[in-house]
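Just below is one structure, and these are the notes that go with it.
The values are calculated or read from the model by the stated rules, or taken from the named source; none is laboratory data. Computed from a prediction, not measured in an experiment: that's the story for all the values here. Using ideal geometry, Cβ is built from the backbone for each residue, glycine included, and neighbour counts are taken over all protein chains shown. SASA here: full protein model, heavy atoms, side chains in, ligands and nucleic acids out. Shrake-Rupley method; radii C 1.70, N 1.55, O 1.52, S 1.80 Å.
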Amino acid sequence: MTSLIAGPDRRERCGWVGDDPEYRRYHDEEWGTPLHGDRALFEKTALEGFQAGLSWITILRKRPRFREVFAGFVPELVAEFDDSDVERLMADAGIIRNRAKIEATIGNARIVRSMAEGELDELMWSFAPAPGIRPASFADVPAVTPESTAMSKELRRRGFRFVGPTTMYALMQSAGMVDDHVVGCWRA
């Protein structure tokens, strides 16, 4: 993968974008932009968990349906899902039908519901590292960091599932806790 790729607008972007218009929009408008709020971070945690073992573009394309069937990722609503909801979700071809990931999302929602307002946001952002050196290429971007490992460990201690260190680093990138836009990217 090249470190940079020019889009139709001639802007240089991180090479992982390729030529997919949805990836380009996601890169330009969302990826690496600071994201706050318990609901937004719960959604990001859930979707990153569903992404494990798959490509992010798969999740991105299915995200509207995920939002629809998971009650907008409002933790208080998802926390009320029961076995019939699990079966409903398992039958929905518009999402990733993985029982363990569906059940983890519901369980994680119950944990978020038990937290004080703003606590998830504060907890997750407490692991954001100080700004560092911008990566020269995507080869310089780690898959795991001490901060993502610490975040994963704390979330697991609290009972969260599908929050491994690699998944949490991807969340940190997408939620703007770290800025991995490579040197030369117009967003850098």
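Might you let me know whether segment 139-160 holds any residue that is touching a residue at least 60 places away in the same chain (Cβ under 8 Å), open to solvent by less than 30 Å² (accessible area, probe 1.4 Å) and among the polar types (S, T, N, Q)?
Checking segment 139-160: not a single residue is touching a residue at least 60 places away in the same chain (Cβ under 8 Å), open to solvent by less than 30 Å² (accessible area, probe 1.4 Å) and among the polar types (S, T, N, Q).
Considering every residue within segment 1-24, establish whether at least one is of a type in the set (Lys, Arg) and at pLDDT 95 or above.
no
Out of segment 1-34, which residues are touching an Asp or Glu at 6+ places or on another chain (Cβ under 9 Å) and among the β-branched types (Val, Ile, Thr)?
Matches in segment 1-34: Ile5, Val17.
Could you tell me which numbered condition Arg97 fails, if it satisfies all but one of (1) touching a residue at least 12 places away in the same chain (Cβ under 8 Å); (2) in a loop (DSSP other than H, G, I, E, B)?
(1)
From (1) without any contact (Cβ under 8 Å) to a residue 40 or more places away in the chain; (2) surrounded by fewer than 19 Cβ atoms within 10 Å (Cβ to Cβ); (3) at negative phi, pick out the condition that doesn't hold for Val17.
(2)
Of (1) among the polar types (S, T, N, Q); (2) under 29 Å from Asp85 (Cβ atoms); (3) surrounded by fewer than 14 Cβ atoms within 10 Å (Cβ to Cβ), Ser126 satisfies all except one. Which?
(2)
Scanning for something outside any helix (DSSP H, G or I), within 17 Å of Ala46 (Cα to Cα) and polar (S, T, N, Q), does segment 108-127 turn up at least one residue?
Among the residues of segment 108-127, not one is outside any helix (DSSP H, G or I), within 17 Å of Ala46 (Cα to Cα) and polar (S, T, N, Q), which makes the answer no.
Take the residues of segment 51-62 that are open to solvent by 10 Å² or more (accessible area, probe 1.4 Å) and not in a loop (DSSP other than H, G, I, E, B): which is nearest to Ala104 (Cα to Cα)?
Gln51
Go through segment 79-91 and give me each residue that's of a type in the set (D, E, K, R) and buried (at least 16 other Cβ atoms within 10 Å of the Cβ).
If the condition is that a residue be of a type in the set (D, E, K, R) and buried (at least 16 other Cβ atoms within 10 Å of the Cβ), then Asp85 is the only one that fits.
Which residue out of Arg65, Arg97 is surrounded by fewer than 16 Cβ atoms within 10 Å (Cβ to Cβ), at pLDDT 95 or above and touching a helix residue (DSSP H, G or I) at 6+ places or on another chain (Cβ under 6 Å)?
Within the list Arg65, Arg97, the selection yields Arg97.
For the structure I just gave you, tell me whether Gly184 is open to solvent by less than 60 Å² (accessible area, probe 1.4 Å), outside any helix (DSSP H, G or I) and within 18 Å of Gly15 (Cα to Cα).
yes
Search segment 1-50 for residues being part of a helix (DSSP H, G or I) and among the acidic types (Asp, Glu), and hand back the single one that is farthest from Val78 (Cα to Cα).
Per the criteria, the residue is Asp28.
Hey, Gly164 hits all of (1) under 18 Å from Ile111 (Cα atoms); (2) in contact with a Gly (Cβ under 7 Å, 6 or more places away or on another chain) but one; which does it fall short on?
The number of the failed condition is (2).
Being surrounded by 17 or more Cβ atoms within 10 Å (Cβ to Cβ) and in a helix (DSSP H, G or I) narrows it down to one of Met172, Met177, so name that one.
Met172
Do we find that Met151 is touching a Leu at 6+ places or on another chain (Cβ under 7 Å), at pLDDT 95 or above, within 25 Å of Ala79 (Cβ to Cβ) and not in a loop (DSSP other than H, G, I, E, B) in this structure?
no
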